[in-house]
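Q: The structure under discussion is supplied below as C-alpha cells; questions concerning it will follow.
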C-alpha cells in the first residue's frame, strides 16, 4: 500500500543553506514572490540570474521554511531531471512549499502531495504504464478528429464576439476543458463548473499565502475568496463521484484507468485518487490554455513571424514548439536531494530542496541562440524543457501540442487579423503561468 506523502510532509528543521553558495544573487530577483509573476515570467530577472548567479540560495517568506537552491541553466535543469534516484519528487513533492502542515487545506494540499508526479521509482512508472493507452498516437489521432470539430465550433461562436473579447474566456479556456472531458469521459454539460474550478485552482497559491498570513487580500480578492474553500470541496466531491462510478462500472476512458489503478498489488488509497483527479485536471488544462493565450501574445508582438506562419502553415508545428519554449506554462518543479550531491558546481546537502526554473532554462543563451527572440524556424525549438525531461516528462505533452496545432491552424485561417489589444493579466502564481485575461480584437 502506498504511504501518504502528506502525512510525512514536515520541514527539515533548519533554515538556510548547509553549504556556502557559489554564487550570490543579492537583490537580483525573488522567485518566491508570487506577485512578481502577475505580468508573466520575470524575464529580465532570468537574464541576470543566468549571467550572474545561475544557481543560488533563495530564502522563503514562510516562517520555518528552509529555502531552496534555484537552478536556471538549461544544462543544470536537465542534469537534475536525469537523476530521479538522487533528486526525489516523492520526498516533499514538486511544489516549492505546501504551507504549514497544520494549516493545510484539508483536501487541496494533501492531494498535491499524493499523486503520480509526486512518486518515485516503480510506483511512478507503474501508474504511467496504466495511463499510457490514452496517450498513444492512435488514441490521439482519434481525439484530434473531435478536437478539430470543436475548434471550428468555438471559432463560430467567437465570430459573434467580434470585434473584441477576452481570448482566455471565449476560446483558450474552453478547448482544453472539452478535450479533458472527452479524455476522462465526463459530461460536457459540466464545463461551466470546470471553468470555475480551474480559476479556483490557479488562485490557490495566492489564497494559501492569505491563510498563512503572508498577504493581505484586496477587497476584490476577498470577494473572490468568499466561498473558495467550499468550491474546492465541490471540485473534489465531483471528482470522487465520477471515480466511484467508474469503479462500479468501468468504461473506456482515462477516468476508469485512474479509478481502478493498482500499485504494488493494491488499489490506490482515496487520497491518491483525489490527487490523481487534481493532477489530471490541472495538467490537462493549464498547459494548453495558457499556451493558446501566450502564443497570441507572441504573434502580436512579432507580426513578421505571424505573416511568415500564415504564408507557410507547414511551419506551425515548429512555431508551437518555439511558443511553448517562451511561454513555459509550467514555471517550476521542485525536487529534494536524497543524498549529498553537486550540480553546476554547487554542493547540495541531503534533504535540501532544488528548484528547476523552466522559464529561465528555456531562455538560456548557452542552449538557444538569441533566446528572447521568437523565431518560428528555430532549429532546436523542440529541445525546450516546457514539458519537463526524463522519467517525469509530461505524459500528456502530445495531446497539448495536438490541441495547439488544431487551434492555430484554424484560428489563423479564420481570423488572420486577430491581435492582442490590451494588457495580459496573470494570476499571482509562480508554479503555472496562469493567464486570466488576454484581450484581442479581430474582424468577424
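Q: Is one or more of the residues making up the range 226-239 out of contact with any strand residue (DSSP E or B) (no Cβ under 8 Å at 6 or more places or on another chain) and at positive phi?
A: Looking for residues that are out of contact with any strand residue (DSSP E or B) (no Cβ under 8 Å at 6 or more places or on another chain) and at positive phi, one finds at least one in the range 226-239, hence yes.
Q: Within the range 13-39, work out how many residues are out of contact with any helix residue (DSSP H, G or I) (no Cβ under 8 Å at 6 or more places or on another chain), assigned to a loop (DSSP other than H, G, I, E, B) and crowded, with 17+ Cβ neighbours inside 10 Å.
A: 2
Q: Name the one entry in 201, 273 that is assigned to a helix (DSSP H, G or I) and either under 22 Å from residue 427 (Cβ atoms) or modelled with pLDDT under 95 (or both).
A: 201
Q: I'm told residue 215 meets every condition in (1) assigned to a helix (DSSP H, G or I); (2) crowded, with 17+ Cβ neighbours inside 10 Å except one. Can you identify the failing condition by its number?
A: Status for residue 215: all satisfied but (1).
Q: Identify, by number, the condition in (1) surrounded by fewer than 16 Cβ atoms within 10 Å (Cβ to Cβ); (2) modelled with pLDDT of 95 or more; (3) within 30 Å of residue 266 (Cβ to Cβ) that residue 156 doesn't meet.
A: (3) is the only condition that residue 156 fails.
Q: Could you tell me whether residue 75 is buried (at least 20 other Cβ atoms within 10 Å of the Cβ) and either in contact with a strand residue (DSSP E or B) (Cβ under 9 Å, 6 or more places away or on another chain) or touching a residue at least 60 places away in the same chain (Cβ under 8 Å) (or both)?
A: no
Q: Restricting attention to the range 99-116, does a residue exist that is in contact with a helix residue (DSSP H, G or I) (Cβ under 6 Å, 6 or more places away or on another chain) and on the phi > 0 side of the Ramachandran plot?
A: Checked against the condition, which is being in contact with a helix residue (DSSP H, G or I) (Cβ under 6 Å, 6 or more places away or on another chain) and on the phi > 0 side of the Ramachandran plot, the range 99-116 yields at least one hit.
Q: Restricting to the range 46-90, name every residue that is touching a helix residue (DSSP H, G or I) at 6+ places or on another chain (Cβ under 9 Å), under 17 Å from residue 430 (Cα atoms) and assigned to a loop (DSSP other than H, G, I, E, B).
A: Passing the criteria: 61, 62, 72.
Q: What number of residues within the range 222-238 satisfy the criterion of being at pLDDT below 80, outside any loop (DSSP other than H, G, I, E, B) and either surrounded by fewer than 15 Cβ atoms within 10 Å (Cβ to Cβ) or out of contact with any helix residue (DSSP H, G or I) (no Cβ under 7 Å at 6 or more places or on another chain) (or both)?
A: Looking only at that region, the number is 3.
Q: Please find, among 142, 130, the residue that is touching a strand residue (DSSP E or B) at 6+ places or on another chain (Cβ under 9 Å) and either farther than 25 Å from residue 338 by Cα or without any contact (Cβ under 8 Å) to a residue 12 or more places away in the chain (or both).
A: 130
Q: Tell me which of these residue 351 doesn't satisfy, since it passes every other one: (1) within 19 Å of the chain's Cα centre (by Cα); (2) surrounded by 17 or more Cβ atoms within 10 Å (Cβ to Cβ); (3) over 22 Å from residue 53 (Cβ atoms).
A: The number of the failed condition is (1).
Q: With respect to residue 307, determine if the residue is without any contact (Cβ under 8 Å) to a residue 60 or more places away in the chain and in a loop (DSSP other than H, G, I, E, B).
A: No, not satisfied.
Q: Can you tell me which residue among 372, 392, 433, 332 is surrounded by fewer than 17 Cβ atoms within 10 Å (Cβ to Cβ) and either over 24 Å from residue 51 (Cα atoms) or within 23 Å of the chain's Cα centre (by Cα) (or both)?
A: Unique residue meeting the criteria: 372.
Q: Is at least one residue of the range 416-438 assigned to a helix (DSSP H, G or I) and either in contact with a helix residue (DSSP H, G or I) (Cβ under 9 Å, 6 or more places away or on another chain) or touching a residue at least 60 places away in the same chain (Cβ under 8 Å) (or both)?
A: For the range 416-438, residues assigned to a helix (DSSP H, G or I) and either in contact with a helix residue (DSSP H, G or I) (Cβ under 9 Å, 6 or more places away or on another chain) or touching a residue at least 60 places away in the same chain (Cβ under 8 Å) (or both): absent.
Q: So, in the range 98-120, of the ones that are at pLDDT 80 or above and either in contact with a strand residue (DSSP E or B) (Cβ under 8 Å, 6 or more places away or on another chain) or outside any helix (DSSP H, G or I) (or both), which residue ends up farthest from residue 233 (Cα to Cα)?
A: The qualifying residue farthest from residue 233 (Cα to Cα) is 120.
Q: Determine which single condition residue 193 fails, assuming it passes every other condition in (1) within 16 Å of residue 232 (Cα to Cα); (2) at pLDDT 85 or above; (3) crowded, with 19+ Cβ neighbours inside 10 Å.
A: With respect to (1) within 16 Å of residue 232 (Cα to Cα); (2) at pLDDT 85 or above; (3) crowded, with 19+ Cβ neighbours inside 10 Å, residue 193 is out only on (3).
Q: Within the range 354-369, which residues are buried (at least 22 other Cβ atoms within 10 Å of the Cβ) and over 24 Å from residue 24 (Cα atoms)?
A: Scanning the range 354-369 gives a single hit, 368.
Q: Determine which member of the set 310, 243 is surrounded by fewer than 16 Cβ atoms within 10 Å (Cβ to Cβ) and over 15 Å from the mean Cα position of the chain (by Cα).
A: Of 310, 243, the one residue that is surrounded by fewer than 16 Cβ atoms within 10 Å (Cβ to Cβ) and over 15 Å from the mean Cα position of the chain (by Cα) is 310.
The values are calculated or read from the model by the stated rules, or taken from the named source; none is laboratory data. Just so we're clear, the structure is a prediction, and the values are computed from it rather than from any experiment. Cβ coordinates were reconstructed from backbone atoms using ideal geometry, including for glycine residues, and neighbour counts include every protein chain displayed.
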